[in-house]
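The values are calculated or read from the model by the stated rules, or taken from the named source; none is laboratory data. These figures come from a predicted structure and were not determined experimentally. In this analysis, Cβ positions are derived from the backbone assuming ideal geometry, glycine residues included, and neighbour counts consider all displayed protein chains. Protein only, heavy atoms only, side chains kept; ligands, DNA and RNA dropped before computing areas. Shrake-Rupley method; radii C 1.70, N 1.55, O 1.52, S 1.80 Å.
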Amino acid sequence: MKQANLGLIFFPAFDWMISPGHPERQERLLYTRDQLTEEGLFDRPEIREYRLRMAEVNDLQRPHVGVPSIAKLITPAHLASAGGCLTAADAVMSGEVKRAFALVRPPGHHAMRIVHGIRGFCTINIEAVMVEYLRSRYGIKKIAVVDTDVHHGDGSQDVFYHDPNVLYISFHQDGRTLYPGTGFPNEAGSPAAWGYNLNLPLLPGSGDKEIHRLFDGLIKPVLDDFEPELIINSAGQDNHFSDPLASMSVTAHGYAALADKLKADIAVLEGGYSIEAALPYVNTGIILAMAEMDYSKVIEPDIRALRTPDPRCMTRVEQLIDQVGTIWRSRHEVGKMLLDKCGNKWQRKKGIYYDEEGIREEQLETAHYCTKCSGWMSIDTNARGTRYGDQSAYVVCLHRDTCADCQKAAYDDALRAKQSCAYKYILLQHPDTGVVETI
Amino acid sequence: MIYYLRRQVFFARALNITLLQFNGRGEVMLLGIDVGGTFTDAVLVDSGAVYAQAKRPTTHGEVLRGILDALDAVLDGADVTQIERVVISSTIVTNALTEGKTQPVFLAVMTGPGMNVKGCFPVEPYLVSGYVDHRGKIAARTEFNKHYGLLDRQSGVTVAAVSGKFAVRNPENEYVLAHELKKSGYKKVFLGSELSGELNFIRRTNSAYFAAAVDKTFEAFGKQVEWALKERSITAPVQILKADGGTLPLEAALKQPVEAVFTGPAASVLGIEALGAPQGKSISLDVGGTTTDIAFWDNGEPLLAKKGAMIGRYPTAVRSFHMRSVGIGGDSAITKLPQGFKVGPERAGRAAALGGTAPTLADALIVLRLADFGDREASVNAIGTLCHDGETTEAAAQAILDAALDVIENAIKEMLHEWSIQPVYTVSDVISGSDFGPQQLVGVGGGAPGLIHALGKRMGLPVIIPPGGMVANAIGAALARPTVAASLRADTTEGYYLIPESGKRERLPKRFNMQAAEEILSAWLHDKAGGWQMEGNETEVISREYFRTVHGYYDTGEIIYLRMQLKPGILYKITGREVAF
Ligand SMILES: [Zn+2]
Ligand SMILES: [Zn+2]
Ligand SMILES: [Zn+2]
């Protein structure tokens, strides 16, 4: 079988929605399906379409711990969209295709490590599920995730925050003007992974020229420097000028040209809610670019509605190239300094709001460091107003290389938490197998 | 009110159908003719049984003589005035395409924005401005004054094909362009939106192109058939078999001649259905002289492919069965390899047992006592010449059989895989899956019994060999049902519905919903069939979609998409007759 340029996993989940009238609704990819079918893209020899397979709950539990459990928080649609990413990973790793695009719903980049419900339309971080699968199944170590959704992928940032082998780069509309309100350059990773979480908040109105300057001036050189084994693109499409939830000015051609430059091994659909005016064209553009076909003729019918960005947008881009470039270049020294300062333990407090369900969660996350291994983590979580009432849990997360001493310390810590009787659940996560033990 | 009236029409039609439909006993005479590459078969079916059947060599270059020969053989003594209907299946269109005997076509497309269509069509198209968006809104009209030469017809080019992206959502631009082209002297203009109501601009365009390209050949063939029948005083209406197993009146087929491509395999599938459709999940194998046609069945119905047929390397919108042809048949040549053998795809001619010069697969079957005809001694001698060092004749025959079975089994495995990986778009479809677990094999055709029994043993599946498989193709043609498919799309925000196959675009009746859509489309299909004097069939829904549309945060309406057809298949089952090999 000849290798195709692009493996396409198209799964519009026509029978799944969050609630009636919600932007994450059944017909979100209807017009996209119409456009792709009408273009005849599914017949092209450059493109091979795949039927997705369902993920297993354990696949989801490699990056996630659900309270009370992942199984109780998801619908079959989540196993399908995560499964679509695994199908994409297999297609690329087997060599059947050069690269793959999981054009699937529901999305995932706002889902964090601990899951109590739906936030930002997401329950399961499908890219994180795929990253951990690539490691367990194929032994891949260094992965870059480039998030081109208009929203800050705070879930992806959360999951990868301690991991120096995942470089997470997100550009997005400035958090002061858009959900979820995070994603500033100073959120650059925990001490052990400082500089591997790069946030690039853009001013509202930024368009093709701005994102391409940002890519050429910063993202591309950083990627070249990092030398990942695989590049993953969280291919949200809400930077489009017609998106109803955001205020940017990117075009279908701008997105396609970016996909062409990025040459991601695997792209995964994230947001994008201009279902009539943007998605059909942006997806056509990205697919053509990834399949190494001509995308120059992909032009939205209402391109005249596009406004020229304010010059301050480009000024911000130049500042970011400078500021975040410095973070990247100084990551080793700064990381060492931070580690020296915090000793064998680093803590952060998080208040997390689940907009979809009105859940308020308080977290205390502790990274335990070790000189022989990557250490382990403990998370104390309290959530009010979940669909299972108020929840409390103490979660201990092992890393893949956690040494025997650290494993013992982690188990002891979990037992201590249990004896304290302060938590409803004591859970212990094994990232390699996705097994979550109840202590 | 309109809605109410339509209901009435619908019910009246439904009643008519029962009256007009052939009854289960089949008390009419039907004539089926299959003009194949090697043989022209004719079959006369009367009162639910094969009354007469004949196989005559196809006369290349002068198809008519073969048809007449076969006709004369089956009509001998029959009362031709009793013949109700004649159905022809023919490779004429397929051959015209594979041999490149087509006429020049002017192809004009309106692509709008999107994929670059360079290389997508058999000829480079004239790119015309104007396009329709995915909701069916005309985003731009054709600016004729900007296209110099568009309307200057080249001498010798008399047919044109016109196709626009999303023309199935709004065919207006196609109509305007076709109208202008006709004014400039094209005799016939084929429209993509009329050849298929389904999305896929590339496939519709190719369908329109091929329809135009074979138009002349097909028209000539139609005239020859009509003349031959008239010559034998047959006045019954003539229908043409399509690749999806339905039939079309000759007159309607002239408007979409590309539908008459690949009818040979379709006829064979229908023949199998007529001779006792396989129940449960079955795989049928029609073993001919040079090829074996493999088809899938679910509860007595052959499965249609999810996508249209390929013509050469071009995908079209022509619907066809999920089937595959492999180069293994009774006359397959055997090549001796250092280890083992290769069987087919070349044909060696008749078996040594029947006086042929080279050993064939049939000879191997005879040696293994899986077939019994001709001179067994001759088969043993012929296979004997192929033995490897120290190999017995039996062992060589077995190795030859295994090599043939490998080819067939691999094709089946690929078809099963293809079926199982077809993408699905809903969570419930992912969960329910679409694996096809075959429960039995059905063999027809001259070489079937021995070969398929051996295959069944290997695959661990029971085998059924219905009698009468020799002329299954012609039987299938004789009994094929008339059919026509069409789609309806309504976007309630726009306030109209469209049946692209007809260009019918009308205001939505009050209280419009899926059920009302089904009634409208069903009535239209029966109207269409009535207009062609086709016997009515049951209509069935091929696919339906329903979406509430939201603009911003507000509910704005509904999108209803519906595709229905007059059910293809056979009129009734018959008992076949055993024929000596
Ligand atoms: Zn982003
Ligand atoms: Zn987003
Ligand atoms: Zn350790």
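Does A:ASP401 qualify as being away from ligand 1 (no atom under 16 Å from the Cβ) and out of contact with any Cys (no Cβ under 7 Å at 6 or more places or on another chain)?
Values: away from ligand 1 (no atom under 16 Å from the Cβ): yes; out of contact with any Cys (no Cβ under 7 Å at 6 or more places or on another chain): no.
Spelling it out, it is not the case that A:ASP401 is away from ligand 1 (no atom under 16 Å from the Cβ) and out of contact with any Cys (no Cβ under 7 Å at 6 or more places or on another chain).
Right, A:GLN429: more than 16 Å from ligand 1 (Cβ to nearest atom), touching a strand residue (DSSP E or B) at 6+ places or on another chain (Cβ under 8 Å), polar (S, T, N, Q) and over 18 Å from A:ARG113 (Cα atoms) or not?
On the way: more than 16 Å from ligand 1 (Cβ to nearest atom): yes; touching a strand residue (DSSP E or B) at 6+ places or on another chain (Cβ under 8 Å): yes; polar (S, T, N, Q): yes; over 18 Å from A:ARG113 (Cα atoms): no.
In short, no.
Would you confirm whether any residue within the range B:272-292 is free of Cβ contacts under 8 Å to residues at least 60 places away in the same chain and closer than 16 Å to B:MET323 by Cα?
yes
Answer yes or no as to whether A:ILE359 is open to solvent by less than 30 Å² (accessible area, probe 1.4 Å) and out of contact with any helix residue (DSSP H, G or I) (no Cβ under 9 Å at 6 or more places or on another chain).
Details: open to solvent by less than 30 Å² (accessible area, probe 1.4 Å): yes; out of contact with any helix residue (DSSP H, G or I) (no Cβ under 9 Å at 6 or more places or on another chain): yes.
When the stated conditions are applied, A:ILE359 passes them.
So A:ARG312 fits all but one of (1) within 12 Å of chain B (Cβ to nearest Cβ); (2) of a type outside the set (Asp, Glu); (3) touching a residue at least 24 places away in the same chain (Cβ under 8 Å); (4) open to solvent by 30 Å² or more (accessible area, probe 1.4 Å); what number is the exception?
(1)
Every residue in the range A:160-171 that is open to solvent by less than 10 Å² (accessible area, probe 1.4 Å) and more than 16 Å from ligand 2 (Cβ to nearest atom), please. First the steps, then the outcome.
To start, the set of residues in the range A:160-171 that are open to solvent by less than 10 Å² (accessible area, probe 1.4 Å) comprises A:160, A:166-171.
Those that are open to solvent by less than 10 Å² (accessible area, probe 1.4 Å) and more than 16 Å from ligand 2 (Cβ to nearest atom): A:PHE160, A:VAL166, A:LEU167.
On the given criteria, is A:ASP432 open to solvent by 40 Å² or more (accessible area, probe 1.4 Å), within 16 Å of ligand 3 (Cβ to nearest atom) and not assigned by TED's automatic domain parsing to the domain that holds A:ALA55?
On the way: open to solvent by 40 Å² or more (accessible area, probe 1.4 Å): yes; within 16 Å of ligand 3 (Cβ to nearest atom): yes; not assigned by TED's automatic domain parsing to the domain that holds A:ALA55: yes.
In short, yes.
Given the options B:LYS306, B:LYS342, name the one that is outside the structural domain of B:ASP363 (by TED's automatic domain parsing) and open to solvent by 50 Å² or more (accessible area, probe 1.4 Å).
Values: B:LYS342 fails: outside the structural domain of B:ASP363 (by TED's automatic domain parsing).
Answer to the check: B:LYS306.
Of all residues being surrounded by 24 or more Cβ atoms within 10 Å (Cβ to Cβ) and outside any loop (DSSP other than H, G, I, E, B) in the range B:267-281, which is farthest from the chain's Cα centre (by Cα)? Just the residue, please.
B:ALA274
May I ask you to list the residues in the range A:1-21 that are within 24 Å of the chain's Cα centre (by Cα) and more than 9 Å from every other protein chain (Cβ to nearest Cβ)?
If the condition is that a residue be within 24 Å of the chain's Cα centre (by Cα) and more than 9 Å from every other protein chain (Cβ to nearest Cβ), then A:ASN5, A:LEU6, A:GLY7, A:MET17, A:ILE18, A:SER19 are the ones that fit.
For the range A:212-231, what are the residues that are among the hydrophobic types (A, V, I, L, M, F, W, C) and either surrounded by fewer than 16 Cβ atoms within 10 Å (Cβ to Cβ) or within 16 Å of ligand 2 (Cβ to nearest atom) (or both)? Explain how you work it out, then say what you get.
Initial filter on the range A:212-231 (among the hydrophobic types (A, V, I, L, M, F, W, C)): A:214-215, A:218-219, A:222-223, A:226, A:230-231.
Hits for the range A:212-231: nothing passes.
Out of the range A:392-410, which residues are closer than 14 Å to A:THR366 by Cβ and part of a helix (DSSP H, G or I)?
A:CYS406, A:ALA409, A:ALA410
It is to be established whether one or more residues within the range B:124-144 are under 17 Å from B:TYR314 (Cα atoms), more than 14 Å from chain A (Cβ to nearest Cβ) and either acidic (Asp, Glu) or out of contact with any helix residue (DSSP H, G or I) (no Cβ under 7 Å at 6 or more places or on another chain) (or both).
From the range B:124-144, those under 17 Å from B:TYR314 (Cα atoms) are B:124-125; that's our starting set.
Among the residues that remain, those that are also more than 14 Å from chain A (Cβ to nearest Cβ) are: B:124.
Okay, now just the ones that are also either acidic (Asp, Glu) or out of contact with any helix residue (DSSP H, G or I) (no Cβ under 7 Å at 6 or more places or on another chain) (or both), so B:124.
Yes, some residue in the range B:124-144 is under 17 Å from B:TYR314 (Cα atoms), more than 14 Å from chain A (Cβ to nearest Cβ) and either acidic (Asp, Glu) or out of contact with any helix residue (DSSP H, G or I) (no Cβ under 7 Å at 6 or more places or on another chain) (or both).
Looking at B:GLY288, B:GLY264 in this structure, which one is open to solvent by 10 Å² or more (accessible area, probe 1.4 Å) and within 10 Å of the chain's Cα centre (by Cα)?
Values: B:GLY288 fails: within 10 Å of the chain's Cα centre (by Cα).
None of the other options fit; the residue is B:GLY264.
Condition first: in contact with a strand residue (DSSP E or B) (Cβ under 6 Å, 6 or more places away or on another chain) and either open to solvent by 60 Å² or more (accessible area, probe 1.4 Å) or aromatic (Phe, Trp, Tyr) (or both). Now tell me which residues in the range B:313-339 satisfy that.
Listed by number, the residues that qualify are B:PHE321, B:ARG324, B:SER325.
Quick check on my filter: what residues within the range A:316-349 are exposed (fewer than 15 other Cβ atoms within 10 Å of the Cβ) and not in a helix (DSSP H, G or I)?
Answer for the range A:316-349, where residues must be exposed (fewer than 15 other Cβ atoms within 10 Å of the Cβ) and not in a helix (DSSP H, G or I): A:SER330, A:GLY343, A:ASN344, A:LYS345, A:GLN347, A:ARG348, A:LYS349.
Starting from residues that are in contact with an Asp or Glu (Cβ under 9 Å, 6 or more places away or on another chain) and at pLDDT 85 or above, keep the ones in the range B:410-435 and report whichever is surrounded by the most Cβ atoms within 10 Å (Cβ to Cβ).
My answer is B:VAL427.
Would you check which residues across the range B:541-581 are among the hydroxyl-bearing types (Ser, Thr, Tyr), at pLDDT below 65 and either at positive phi or under 28 Å from the mean Cα position of the chain (by Cα) (or both) and list them? Give the derivation first.
Step one: list which residues in the range B:541-581 are among the hydroxyl-bearing types (Ser, Thr, Tyr), which gives B:543, B:546, B:549, B:553-554, B:556, B:561, B:572, B:575.
Narrowing further to those that are at pLDDT below 65: B:553, B:575.
The answer is B:THR575, and nothing else.
Do we find that A:ASP238 is assigned by TED's automatic domain parsing to the domain that holds A:TYR168 and more than 16 Å from ligand 2 (Cβ to nearest atom) in this structure? Reasoning before the result, please.
Working: assigned by TED's automatic domain parsing to the domain that holds A:TYR168: yes; more than 16 Å from ligand 2 (Cβ to nearest atom): no.
It is false that A:ASP238 is assigned by TED's automatic domain parsing to the domain that holds A:TYR168 and more than 16 Å from ligand 2 (Cβ to nearest atom).
Can you work out which of the residues in the range B:377-426 that are β-branched (Val, Ile, Thr) and closer than 10 Å to B:ALA364 by Cα is nearest to the other protein chains (Cβ to nearest Cβ)? Lay out the reasoning, then the answer.
We begin by selecting, within the range B:377-426, every residue β-branched (Val, Ile, Thr); these are B:380, B:383, B:385, B:392-393, B:400, B:407-408, B:412, B:421, B:424, B:426.
Filter once more, so that each one left must be closer than 10 Å to B:ALA364 by Cα: B:380, B:383, B:393, B:400.
Working: B:VAL380: 41, B:ILE383: 35, B:THR393: 38, B:ILE400: 28 Å.
Filtering the range B:377-426 for residues that are β-branched (Val, Ile, Thr) and closer than 10 Å to B:ALA364 by Cα, the one nearest to the other protein chains (Cβ to nearest Cβ) comes out as B:ILE400.
When the range A:281-309 is examined, which residues are found to be surrounded by fewer than 20 Cβ atoms within 10 Å (Cβ to Cβ), of a type in the set (Asp, Glu) and modelled with pLDDT under 95?
Across the range A:281-309, the qualifying residue is only A:ASP302.
Among (1) away from ligand 1 (no atom under 16 Å from the Cβ); (2) in the same structural domain as A:PHE226 (by TED's automatic domain parsing), there is one condition A:VAL324 misses while meeting the rest; what is its number?
A:VAL324 satisfies every listed condition except (1).
Just name the residue that is nearest to ligand 2 (Cβ to nearest atom) out of those in the range A:362-376 that are under 17 Å from A:TYR423 (Cα atoms) and open to solvent by less than 40 Å² (accessible area, probe 1.4 Å).
Here is the first cut: in the range A:362-376, the residues under 17 Å from A:TYR423 (Cα atoms) are A:362-366.
Then drop every residue that is not open to solvent by less than 40 Å² (accessible area, probe 1.4 Å), which leaves A:363, A:365-366.
Numbers: A:GLN363: 23, A:GLU365: 24, A:THR366: 30 Å.
Once the filter is applied, the top-ranked residue is A:GLN363.
Considering only the range A:50-78, how many residues are closer than 17 Å to A:VAL435 by Cβ, within 14 Å of chain B (Cβ to nearest Cβ) and charged (D, E, K, R)?
Total meeting the criteria: 1.
For a quick check of your reading: which strands (runs of 3 or more DSSP E) sit entirely within the range B:73-178 and have at least 3 residues that are under 28 Å from the mean Cα position of the chain (by Cα) and over 23 Å from B:LEU241 (Cβ atoms)?
On the way: elements: B:83-90, B:105-110, B:138-140, B:159-164.
Passing ranges, in order: B:105-110, B:159-164.
Answer yes if at least one residue in the range A:380-397 is farther than 25 Å from A:GLY351 by Cβ and touching a residue at least 12 places away in the same chain (Cβ under 8 Å), and no otherwise.
To start, the set of residues in the range A:380-397 that are farther than 25 Å from A:GLY351 by Cβ comprises none.
The answer is no, given that none of the residues of the range A:380-397 is farther than 25 Å from A:GLY351 by Cβ and touching a residue at least 12 places away in the same chain (Cβ under 8 Å).
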